[in-house]
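Here the structure comes first, spelled out in structure tokens, and everything after it is commentary.
The values are calculated or read from the model by the stated rules, or taken from the named source; none is laboratory data. Predicted model, so just to flag it, every value in this text is computed and none were measured. FYI the Cβ positions are ideal-geometry reconstructions off the backbone, even for glycines, and counts take in every protein chain you see. Heads up: the accessible areas ignore ligands, DNA and RNA and are worked out on the full protein's heavy atoms, side chains in. Shrake-Rupley method; radii C 1.70, N 1.55, O 1.52, S 1.80 Å.
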Amino acid sequence: MLLKISRIFVYVSVFSVLVVMTSTFFPFIGGKDYFFRFSVELSLLFFVLWWAIESGAGDVKARFRDISKKPVFIAVTLFVLAFMLATIFAYDPSAAFWSNYERGEGGFQLLHYYALFVILVMLFDREDDWRRLFKASAIAAALMILYGIFANLGWADNFISPYQGAAPPSGWWQKLIKTRFQGSLGNPAYVAPYLVFSMFYTVYLWITSPSRKKRLVSAGYALLMIFYFFFLLISQTRGALLGLAASIFVFLLWLVIATPSSRKYLVTALFAFVIVFGTLVYFGNSEFVKKIPGGRIFSISFSEQTVNTRLWTWGSAWHAFEDRPILGWGPENFSAAFDKYFDPRHYVPGQDTETWFDRAHNLLFDYLAETGVVGALSYLSIFVVLLLGLFKNAWRERTNDQSLTHKSVQALMFSLPIGYLVQGVAIFEVLPMYLNVFLFWAFGFYYLYGRLTQKNG
């Protein structure tokens, strides 16, 4: 019973993305952090109670000894240690550990992500556990979108609308698509990468469902995918679109290589995808593409002001890294480094320009500036270890008679981290992303080690 309760609070934690506290200065942030931390703490509490009261002698020790030897667990642990060392030796250690009410992503928060990761690898050792968690995450994503729909259309007075302080357009369709969709996350740049993870969960559930051949189940998952994609589109987040495109490309390419019997059809699908996506991007500024809901997302230009400000900020981040190359300035200390190495091109007299950044808006530059080479390399090593493990497993199984489902899951597992790193070129990590990336790392652990142990058992 205690373990069941511990798992329940893990399921509950994924619904933290729905919390919006209008009583706080940053209503889309603080409440989510509190809800997530409390859920993880309760899950950990009931796990410890199970350990103290119900577990057999040496059960937890034996299980932990086993998982602690696995490369993915070691890589994640080393990253967390590097992050905490950067916190201790930060420019402002207090800010690095506790963060602030605007972000909340300091060392204290990271310890909660790590606790969630450990609980997942310790307790979620069956396929059914992960399917339930993915279903809970898919429901949370749908409810996140539903909040945004109600807010945009003005159907709930206490929901925060992107049109607050301005007159909304007329007509429900224009209210929905006229502005960048922010859902219950409060920032369109968070919505898109979060929905990429949601699409991963949905596709996994779809292709591994025992009843996937039933038309009703297949139609349901297909509609959910379209639902997610539409709102990703109207979030108009270009980095996430490129990340999704990279994931789809890698997914199809993997299947082209792994399934010779279907290669003709898969190559056709791959070329069709490249041509359609490339055409939409090439004609991104045309009237036809602009009329597509969220069509702005296909207008990718390196000469835009927002791109220039990111490049200048990356320059400041690089100078900050050169100043403190080993452990960086510390988490949540980028604003101090940015001020020291401020690029005056950010300020244009008489224009409304961004002159303050607390993130480099790039995963690599963020980690280099805030955690130094130790933190950045330890972070990237997780993806390297995971991808190498997936590749080795696929190579080892290449001579087996594998089903298309099995190969599709392999492709899915390999494509998501590639897409995530691609979208990370233009964004930073906050709770909606951190929650899912730690969840994916834990699922990668299960897929590489726990799934095989379960089969052999």
Report summary line: Of (1) modelled with pLDDT under 95; (2) part of a helix (DSSP H, G or I), ALA82 satisfies every one except (1)
Report task. Could you please find all residues in region 351-383 being among the polar types (S, T, N, Q) and free of Cβ contacts under 8 Å to residues at least 60 places away in the same chain? Result -> GLN351, THR353, THR355
Report task. Please find, among ALA57, ALA62, ALA75, the residue that is in a helix (DSSP H, G or I) and farther than 16 Å from PHE117 by Cα. Result -> ALA62
Query - Count - residues of region 144-165 that are outside any loop (DSSP other than H, G, I, E, B) and open to solvent by 60 Å² or more (accessible area, probe 1.4 Å) - result: 2
Query - Test: ILE8 is over 19 Å from GLU429 (Cβ atoms), of a type in the set (A, V, I, L, M) and touching a helix residue (DSSP H, G or I) at 6+ places or on another chain (Cβ under 9 Å) - result: yes
Requested in this report: Output the residues belonging to region 99-136 that are of a type in the set (A, V, I, L, M, F, W, C) and either in contact with an Asp or Glu (Cβ under 6 Å, 6 or more places away or on another chain) or open to solvent by 50 Å² or more (accessible area, probe 1.4 Å) (or both).
Outcome: PHE108, LEU111
Query raised in the report: So which of TYR347, TYR341 ends up being open to solvent by 40 Å² or more (accessible area, probe 1.4 Å) and under 28 Å from THR371 (Cβ atoms)?
Result: TYR341
Report task. Give me a count of the residues in region 1-51 that are free of Cβ contacts under 8 Å to residues at least 40 places away in the same chain, within 22 Å of TRP98 (Cα to Cα) and open to solvent by 60 Å² or more (accessible area, probe 1.4 Å). Result -> 6
Query raised in the report: What number of residues within region 166-190 are within 21 Å of THR237 (Cα to Cα) and either of a type in the set (Gly, Ala, Ser) or surrounded by 13 or more Cβ atoms within 10 Å (Cβ to Cβ) (or both)?
Result: 16
Query raised in the report: For region 418-425, does any single residue satisfy the condition of being closer than 23 Å to ASN100 by Cβ, in a loop (DSSP other than H, G, I, E, B) and either open to solvent by less than 10 Å² (accessible area, probe 1.4 Å) or at pLDDT below 95 (or both)?
Result: yes
